[in-house]
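Presented below is the structure to which this report refers.
What follows draws every value from the coordinates through simple rules; no lab data is involved. Everything numeric in this text was worked out from a predicted model, so none of it was measured. Positions of Cβ are backbone-derived with ideal geometry, glycine not excepted, and every protein chain shown enters the neighbour counts.
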There are 2 protein chains.
Amino acid sequence: MTAPVGEEIVLARAYLIRVAEPPAFALHAFVDVVGPVEAADLVRRGDVPDAVRSETEARRDLDLASDDLRNAEKVGARLVVPEDPDWPAWQLLCLAPSTGRGPRGTGRPLGLWTRGSVPVANLFDRAVSVVGARSATGYGEHVAAELGFELVQAGMTVVSGAAYGIDGAAHRGALSAGGPTVAVLGCGIDLAYPAGHSGLIEGIAAAGLVVSEYPPGTTPARHRFLVRNRLIAALSSATVVVEAGVRSGARNTAATAASLGKVVMAVPGPITSVMSVGCHDLLRTGGAVVAGSIPEIVEAVGPVGANLDPSRKDLRRSTDGLGEEALRVHDALRREESMDAEQVAVEAGLPLDRVRTLLPELEITGHVTRLDDGWRQQEGGDRHG
Amino acid sequence: MTAPVGEEIVLARAYLIRVAEPPAFALHAFVDVVGPVEAADLVRRGDVPDAVRSETEARRDLDLASDDLRNAEKVGARLVVPEDPDWPAWQLLCLAPSTGRGPRGTGRPLGLWTRGSVPVANLFDRAVSVVGARSATGYGEHVAAELGFELVQAGMTVVSGAAYGIDGAAHRGALSAGGPTVAVLGCGIDLAYPAGHSGLIEGIAAAGLVVSEYPPGTTPARHRFLVRNRLIAALSSATVVVEAGVRSGARNTAATAASLGKVVMAVPGPITSVMSVGCHDLLRTGGAVVAGSIPEIVEAVGPVGANLDPSRKDLRRSTDGLGEEALRVHDALRREESMDAEQVAVEAGLPLDRVRTLLPELEITGHVTRLDDGWRQQEGGDRHG
């Protein structure tokens, strides 16, 4: 796969993406101004503004661009750059360097190492991230897998982080529906982390896409997972947290997604489960809306009106439309035994003339039946709602 | 137990409470104006305004006051009236006849038939209602029972409706902590409904209180349960819905409690359980706040600061206070292998002089250790949050 971009640009960005630890705000702004080729040249020579120097000084002599591109190619990966038509420009727009500069920042990536079978373009047009605890429960993994499956069935892409627990279950659910699913890694594109998921990550590359902004060989580290989370949030239009402990990284993804203006949903669970504490905290603080069922999630994250939850219809009881007095008349009657209007009036505590008006009305609506010996209830389900 | 109120008043109210099906707004207003004794006399003669006539016409010849009082006494019950010092006046104030006149109304009761071992006064000063589905799951019953127990342990009264499922579990939990618990019935005070809970209702009467505004012998009916729900809501300062199906009566109680300005909480549950759908609906629509744990509920419904949840402390990781750069330096280090400042600078992607400043700072805070051959990570828990 050759990128339809000049080799010079790709080499320059491959160099820059290794020189500064993402997110590198000053370097990004510098590249925006002078372009990637000149930026690479100036960084190499140390001829840059102080802020850029601070981000690039430690590694600027590490010119491994050709090596990185070669190592990436060995595992079937390539570097997608902003100059590439395949770049998910629209989705990454929310990561403008000038917005959300919290302690960990939400800056845009200088490029994305990708490995997969599907074109990057359009893959993120209808993408939903499904994230959560690594030490998930059976309940959480069940929900994540079902959700992954149903989202793909509804035409969406499932984005997650390839971790154990919720991430893995979501990817597997998506793969079982034929994909597409995207794993965003917090280490080099050529590494499988966690090692136990190397088979899963291969499967994701075969039916979807594996993405990382870290050059080949970059080892996983906690701060990289936090930085990586902003890409998961940015590349999806909604983030669903399935299970999260008090300290789960999924809450970081949720917070980032919310700060980027994305829909954030949290799946409730038993309050007896520590793995649902983070979800309930998100719901309590308004950091997420309730994801009460899988059809409800699919409806909420999909295009308006495209996936209306069919399970929420026909929930009305036959007596739902009745007013207070009509309901009292209806409930005063029996199904097995007839009553006359006087008995109904006493039982219902209503004036006789009112009962005499209501009974024929209820007959018309099919709620009561008139027999030779009086009136009976026709139907109405459970009497003690 | 003789009520410290004139017999004439008790007889008048016993007559009035049977003559009109609660809530009887017009009759209540009429009693407020002319007093119960004269009101009873005028109702009996039919010499009343039209609105009152409409409420009382069908049953005004049913003068069973003495019978009702005798039948109540047979089961150890009495009629508590607003003139009684034992009347929970303050709690029932929210049910003013002029407020919340929806289709089912929230009118005040004309009297309350009570059966129990504890004085009514003060029983509702710190009362919480625990309500939910009859066809509850094991999870729901577990939570309701634990909650009933913990509320009583925290000095509160548990109010519920004596139904199967959540109600029963909440009452049992409260009884297992020694009570007090209150059952508000939707049928006559002398009836045990459901029949399978007659033993439980006896237990509640023995250690707490059974309450009904319906005269002895009144059969259970759906509209009575809905009318009864307003008393459950009014007599508690907070309502907790533990499990509720889409059509659960508990949602009616929750809506009434909210309209009365009470705290309403809903316990989340698995989204795979139909018995949590109603709770999640309440959370989604803002009809309730998240009841994420039993200590959290006890804290929320109790007096301010009295029951602070102790489980929410000490959740911080040792690296929580570190800034972005310090965290990168910390994460770049290993525990088993020493690194020099130059290696750290490359790994962390930070200028060398910055790393040289940060390392001694991290040594002071106990995050890193200086050895003869370089620097090591001191502690820090899981590296991949």
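Taking θ as phi - 60° and the Karplus parameters 6.51, -1.76 and 1.60, the scalar couplings of the range A:79-88 work out to 9, 8, 10, x, 6, 7, x, 7, 5, x Hz in sequence order, x denoting glycine and proline. Spin-label model, B:THR272 to B:ALA341: label points 7 Å out along the Cα-to-beta-carbon direction sit 5.5 nm apart. Helix B:249-259 axis versus longest C-alpha principal axis of chain B: approximately 80°, rounded to the nearest ten.
Springs join every pair of Cα atoms under 10 Å in this Gaussian network model of chain A, and among A:ARG356, A:ARG126, A:ARG134 the largest mean-square fluctuation is at A:ARG356. Summarised in one figure, the compactness ratio Rg/Rh of chain B, Cα atoms and Kirkwood Rh, is 1.25.
Considering only beta bridges that DSSP places wholly inside chain A, some 40 percent are antiparallel. Amide hydrogen proximity for B:VAL240: with H placed 1.01 Å from N in the peptide plane, the residues at 5 or more positions away or on another chain lying under 5 Å are B:SER129, B:VAL130, B:VAL131, B:MET265. For the range B:212-283, taking the reciprocal of the average inverse distance between every pair of different Cα atoms yields a Kirkwood hydrodynamic radius of 12.8 Å.
Residues in the range B:265-282 carry Karplus couplings, in order, of 10, 10, 8, x, x, x, 6, 7, 9, 5, 7, 10, 4, x, 5, 5, 4, 4 Hz; the curve used is 6.51 cos²θ - 1.76 cosθ + 1.60 with θ = phi - 60°, and Gly or Pro positions show x. If I model the range B:114-181 as equal point scatterers sitting on the Cα atoms and use the Debye formula, what is log10 I(q)/I(0) at q = 0.12, 0.22 Å⁻¹? Scattering profile of the range B:114-181, log10 relative to I(0): -0.26, -0.82. Applying both filters, DSSP loop and at most 11 other Cβ atoms within 10 Å, to the chymotrypsin sites (Phe, Trp or Tyr not before Pro) of the range A:1-76 eliminates every site. Ranking of B:SER160, B:SER117 by neighbouring Cβ atoms within 10 Å, starting from the fewest: B:SER117, B:SER160. A viscosity of 1.567 mPa s and a temperature of 4 °C, combined with the Kirkwood radius over Cα pairs in Stokes-Einstein, give a translational diffusion coefficient for the protein assembly as shown of 43 µm²/s. The helix-based estimate of mean residue ellipticity at 222 nm for chain A, built from -39,500 (n - 2.57) per DSSP H run of four or more residues and divided by its residue count, is -12500 deg cm²/dmol to the nearest 500.
Using the Karplus relation 6.51 cos²θ - 1.76 cosθ + 1.60 with θ = phi - 60°, the per-residue 3J(HN,Hα) values for the range A:362-370 come to 5, 5, 4, 7, x, 8, 9, 10, 9 Hz, with x marking Gly and Pro. Which percent of the Cα-Cα distances in the range B:324-377 go past 19 Å? Result for the distance tail: 9 percent. Please give the helix B:65-74 orientation as an angle from the longest Cα principal axis of chain B, in degrees from 0 to 90, rounded to the nearest 10. Approximately 50 degrees, to the nearest ten. Taking other C-beta atoms within 10 Å as the exposure proxy, A:THR157, A:THR181, B:THR218, A:THR137 rank A:THR137, B:THR218, A:THR157, A:THR181 from fewest upward.
Residues considered: A:ARG328, A:ARG60, A:ARG251. Largest GNM mean-square fluctuation over chain A, using C-alpha springs under 10 Å, is found at A:ARG328. Of the two radii for the range B:10-96, the radius of gyration is 0.97 times the Kirkwood radius, both from the alpha carbons; that is the Rg over Rh value. Remark: mean inter-chain Cβ contacts per residue of A:58-68 equal 2, using a 10 Å Cβ-Cβ cutoff to other protein chain atoms. Could you tell me how many degrees, from 0 to 90 and to the nearest 10, lie between the Cα long axis of helix B:222-234 and the main elongation axis, the longest principal axis, of the Cα atoms of chain B? The angle comes out at about 60 degrees. Within 10 Å of the Cβ of each residue in A:341-350, the mean number of Cβ atoms contributed by other protein chains is 4. Taking amide H atoms as placed 1.01 Å from N in the peptide plane, the amide H of B:THR157 lies under 5 Å from those of B:ARG126, B:ALA127, B:VAL128, each 5 or more residues away in sequence or on another chain. Judged by the mean number of other Cβ atoms found within 10 Å, the most tightly packed of the peptides A:262-271, A:293-302 leads the ranking A:262-271, A:293-302. Here the range A:1-48 is treated as a sphere whose radius is the Kirkwood value from Cα pairs; by Stokes-Einstein at 25 °C and 0.890 mPa s it diffuses with a coefficient of 224 µm²/s. Inter-chain Cβ neighbour count for A:261-267, averaged per residue, equals 1 (cutoff 10 Å, partner chain atoms only). Spatial offset of the range A:57-83 relative to the range A:22-52 amounts to 17 Å, using the alpha carbon center of each.
Taking a ≥ b ≥ c as the square roots of the eigenvalues of the Cα gyration tensor of the range A:140-220, is the shape rounded (a/c under 1.5), prolate (a/b larger than b/c) or oblate? It is prolate, given that a/c is not under 1.5 and a/b is the larger ratio.
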